[in-house]
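Student: Following this message is one structure expressed as structure tokens.
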Amino acid sequence: MRIGIDIRDLKTATTGQKTYLEEICRVFKQQAGVAYQFYFFDTFIPTFRGKNKLTKLLEQANLHFWKQCVLPFKAALKRCDVLLCTDYFVPYFHPGFKTVAVFHDAFFFENKDHYHPLFIWLFKHIALPSAGRCSYIIVPSDYAKKQVSKYYTCLPVSKLVTIYEGPKSLPQKHEPSIHAAVLNRLGIQPKKYLLHVGVMNKRKNIPFLINAYKKLREAGNDYKLVLAGSLYTSQYIDNSESILAAIAAKQLQKDVILTGYLSNEELAVIYQNAFMYVFPSLNEGFGLPVVEAWGYGLPVIVANNSCLPEIGADAVLTFDPFDEMDLLSKMQAVIGHTDTRTQLEQKGKARLTDFSWEKTAAEILALFSSLSKNDVT
């Protein structure tokens, strides 16, 4: 079977969407052989990065010329049986091959005000009609499937297939000197901080976490709070002003650590030395940091919304992301009760066996194989 993968998104994607494509390509490259032949399609044309309007317009034109003209030509030239695009957008016309898209969530319609109006227009008039012509649309959780079906009503439910994701491939061990260098630079001590990882945009609910953390400090706990990831993001979802204001209002400048961007090696160190992981997000399609935290043996507490209870199952504690006292009680339960902490660590380790990129890739390949047996259009 000849399989095309659109990898242009590696030039522009960040966080979870980039991780998805990187990990899938890693596994596919390991599995190339007699049964499957993979073609990784990229463009030699540079992407346009920047925040001014002209740059954004050029990048959108660049993207859609690639998607609708160059990519299908390349896939047809290689006589692909199927083309996978992991960034919502697929070619509308796919001569001689079938298309499969990945929709990570339904955020573009759930929170339209978080995105540029031009992008919403392009998504509505190009992404959705093209996805409607796909053989399948992969979603990362049953919750995401429900939301995609609800908000993108033009997409047939029969084409939506849930395939779980896995943790990002991060180094598991480092020399003690590397740990010391990273921790000293950030001013934190091993097992003396709570951790959150991710771009701190509006839906991540970080000011709420900071306010609840202040109550934890007032209750006599001296753990620091580490917010790992970029503070500043795109215009419509940027929440940096509210986050910095919350830190200042609660006088937590010395206790809340903003790491900024971290390399994979630095991120691994931060995970390995954390005491617990806290995820207060208001909406997630899968929640990669949950499974990443399990990989480092951390107890995990998450908001009781969207996909997080589905992914976490009984391996997490949940809290109301609008109730600071509820989050406080869950943090105190992990800090003050060794049995609770141990149970969460053990259940997280067991739950992690349900999630791996090898499993994800195997399910995607099984989906592709079904296309050779069924005329799904």
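The values are calculated or read from the model by the stated rules, or taken from the named source; none is laboratory data. Predicted model only: the values in this text are computed from it and were never measured. Cβ: placed from backbone, ideal geometry, glycine included. Neighbour counts: every protein chain shown. Heads up: the accessible areas ignore ligands, DNA and RNA and are worked out on the full protein's heavy atoms, side chains in. Shrake-Rupley method; radii C 1.70, N 1.55, O 1.52, S 1.80 Å.
Student: About its Cα centre, how strong a charge dipole does the chain have in debye, to the nearest 20, once Lys and Arg get +1 and Asp and Glu get -1 at the Cβ?
Tutor: Its charge dipole is roughly 800 debye.
Student: May I ask you to give the average projected area over all directions of the convex hull of the Cα atoms of the chain, in nm² rounded to one decimal?
Tutor: On the way: hull surface 75.7 nm².
Approximately 18.9 nm², given one-decimal rounding.
Student: On C-alpha positions alone, give me the angle between the axis of helix 53-65 and the longest principal axis of the chain, in degrees, nearest 10.
Tutor: Compared with the principal axis, the helix lies near 50 degrees.
Student: With contacts defined as alpha carbon pairs under 8 Å and 6 or more residues apart, what's the relative contact order of the range 123-266 in percent?
Tutor: 21 percent
Student: Moving on to the next point. Report the trypsin sites (Lys or Arg not before Pro) located in the range 202-289 that are in a DSSP loop and have at most 11 other Cβ atoms inside 10 Å of their Cβ, or state none.
Tutor: Numbers: sites: K202, R203, K204, K214, K215, R217, K224, K250, K254; in loops: K250, K254.
Taking the range 202-289 and a limit of 11 other Cβ atoms within 10 Å, the loop trypsin sites (Lys or Arg not before Pro) found are K254.
Student: Please report the Cα spread of the range 1-51 along all three principal axes, rounded to whole Å, starting with the longest.
Tutor: 45, 23, 12
Student: In debye, nearest 20: dipole of the range 158-312 around its Cα centre with unit charges on the Cβ of K, R (+) and D, E (-)?
Tutor: Dipole size: approximately 300 debye.
Student: Just to confirm, what accessible area per residue do you get for the range 248-377 at 1.4 Å probe, in whole Å²?
Tutor: On the way: 5260 Å² over 130 residues.
Each residue of the range 248-377 exposes 40 Å² on average to a 1.4 Å probe.
Student: A follow-up question, please. Using a 1.4 angstrom probe on heavy atoms only, work out the carbon and sulfur share of the accessible area of the chain in %. List each step's numbers first, then the result.
Tutor: Values: 8970 of 16390 Å².
Accessible surface attributable to carbon and sulfur in the chain totals 55 percent.
Student: For the range 298-377, which chymotrypsin sites (Phe, Trp or Tyr not before Pro) pass both filters: DSSP loop (anything but H, G, I, E, B) and at most 13 other C-beta atoms within 10 Å? Intermediate results must be reported in sequence, preceding the final value.
Tutor: Values: sites: F319, F322, F355, W357, F368; in loops: F322, F355.
Filter output for the range 298-377: F322.
Student: May I ask you to list the trypsin sites (Lys or Arg not before Pro) in the range 44-122 that are in a DSSP loop and have at most 12 other Cβ atoms within 10 Å of their Cβ?
Tutor: Of the trypsin sites (Lys or Arg not before Pro), the ones in loops of the range 44-122 whose Cβ has at most 12 other Cβ atoms within 10 Å are R49, K51, R79.
Student: Now for a different question. Positive end of the charge dipole of the chain (Lys, Arg +1 and Asp, Glu -1 on Cβ, about the Cα centre): tell me which of F368, H94, S149 has its Cα farthest that way.
Tutor: H94
Student: Another question, then. Go through K53/K124; K74/K359; K145/K202; K204/K224; K29/K124 and tell me which ones have a Cα-Cα distance over 24 Å in this structure.
Tutor: K74/K359; K29/K124
Student: Now for a separate question. In whole angstrom, how far apart do the alpha carbon centroids of the range 116-137 and the range 200-223 sit?
Tutor: If we compute the Cα centre of each part, the gap is 37 Å.
Student: Restricting to Cα pairs below 8 Å that are 6+ residues apart, what does the relative contact order work out to for the chain? Please round to a whole percent.
Tutor: Result for the chain is 15 percent.
Student: Evaluate the charge dipole of the range 218-377 about its Cα centre and quote only its size in Debye, nearest 20, assuming +1 on the Cβ of each Lys and Arg and -1 on the Cβ of each Asp and Glu.
Tutor: 280 debye
Student: Which whole-number percent is the relative contact order of the range 196-235 (Cα, under 8 Å, 6+ apart)?
Tutor: 71 percent
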